[in-house]
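Taking it in order: structure first as structure tokens, then the write-up.
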Amino acid sequence: MKGIFDGGWIWAIYRPARDAIIQVTLNQNFTMIAIPPTMTFEEYLEWEAQQDIRYEYVNGEVFGMNGSTIPHNDLALNFYRNLYPHLRSRGCRINVSDVKLQVSPRSRYYYPDVIVSCDPQDMNARKFIQHPKLIVEVLSPGTSSKDRDEKFTAYLKIPTLQEYILIDSEKIYVERYCRGEGKMWLYYSYTAGEIVTLSSIEFELPIELLYEGVTFETETETDKTAVETAPTQTMSASAD
């Protein structure tokens, strides 16, 4: 057995008798979990419901979800808090982080940071959302490339999706992709002092409210942390 220790988690690979490679991980309770190399979507939905952490599903493979930073979490919650009263009066629903999205019934399930749906079929959903109108991903260094590439491509193929929002967690900056005519998508960006227009749900969100209470890491703080964690060197001088 070969194991890798990574930030409190142990990931391992072992080769059983039938020579199939199975991933093994320790969950938060330090219980060994065997993850088959591939699963059908039916197997994934049944298996994930019994796990302690969330897993996304892409073409037969599952990927464990990492915890987010405090700014990442604050931005998702701020977006939710500002939109909830407006959406409730319109008969729509909004969910944050822990709700699964069925992007493609047989091949792709993700966990967006925020999902908005106004489709009657999603109003009483219990396992996942199927017909989103708006999707939000909060960008962090570890997720940015996936949100901009893999997920971006997959989300834009959802027939009901009208807007895709990317929120930067390291600076005040929001990007919006809005469905246009045919296969066209329109791009807008927003920074400090501007108002984010969400045309699909007829809502305008001042960017200051979105970033309210969000703390960014400054260069000074980064330097201070580096100094505090650097090894201490002791020098002694000897008399001639």
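The values are calculated or read from the model by the stated rules, or taken from the named source; none is laboratory data. Because the structure is predicted, anything quoted here is derived from the model rather than measured. Note that each Cβ is placed from the backbone with ideal geometry, even for glycine, and that neighbours are counted across all protein chains shown. For accessibility, only protein heavy atoms count, side chains too; no ligands or nucleic acids. Shrake-Rupley method; radii C 1.70, N 1.55, O 1.52, S 1.80 Å.
Some values worked out for this structure:
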| item | result |
| --- | --- |
| Residue under evaluation L77, criteria (1) aliphatic (A, V, I, L, M); (2) open to solvent by 30 Å² or more (accessible area, probe 1.4 Å); (3) at pLDDT 95 or above; (4) touching a Leu at 6+ places or on another chain (Cβ under 8 Å), criterion not met | (4) |
| Residues located in segment 85-110, provided they are touching a strand residue (DSSP E or B) at 6+ places or on another chain (Cβ under 6 Å) and not hydrophobic (A, V, I, L, M, F, W, C) | H86, R93, N95, K100, Q102, R108, Y109, Y110 |
| Matching residues, segment 157-177, being farther than 17 Å from S97 by Cα and out of contact with any Lys or Arg (no Cβ under 8 Å at 6 or more places or on another chain) | K157, I158, P159, E170, K171, I172, Y173, V174, E175, R176, Y177 |
| Segment 118-139, residues that are assigned to a helix (DSSP H, G or I) and either among the small types (G, A, S) or surrounded by 16 or more Cβ atoms within 10 Å (Cβ to Cβ) (or both) | D122 |
| Qualifying residue in segment 160-168 (condition: within 18 Å of M65 (Cα to Cα), out of contact with any His (no Cβ under 6 Å at 6 or more places or on another chain), in a strand (DSSP E or B) and modelled with pLDDT of 95 or more) | no |
| Of all residues making up segment 197-207, the number that are more than 13 Å from Q162 (Cα to Cα) and either basic (K, R) or free of Cβ contacts under 8 Å to residues at least 24 places away in the same chain (or both) | 2 |
| Matching residues in segment 36-74 - criterion: being part of a helix (DSSP H, G or I) and surrounded by 14 or more Cβ atoms within 10 Å (Cβ to Cβ) | F41, E43, Y44, L45, W47, E48, P71, H72, N73, D74 |
| Unique match (being open to solvent by less than 50 Å² (accessible area, probe 1.4 Å) and either assigned to a helix (DSSP H, G or I) or modelled with pLDDT under 95 (or both)) among G182, G142, G91 | G91 |
| Single residue of segment 158-177 satisfying the filter (in contact (Cβ under 8 Å) with a residue 40 or more places away in the chain and open to solvent by 50 Å² or more (accessible area, probe 1.4 Å)) that is nearest to E202 (Cα to Cα) | K171 |
| Contacts under 9 angstrom Cβ, first residue in segment 116-140 being closer than 21 Å to S199 by Cα and hydroxyl-bearing (S, T, Y), partner open to solvent by 40 Å² or more (accessible area, probe 1.4 Å) and assigned to a loop (DSSP other than H, G, I, E, B), 6 or more apart | S117/M123; S117/Q130; S117/H131; S117/K133; S117/T160 |
| Residue list for segment 189-212, restricted to those being touching a strand residue (DSSP E or B) at 6+ places or on another chain (Cβ under 6 Å), more than 15 Å from N78 (Cα to Cα) and of a type in the set (V, I, T) | T191, T197 |
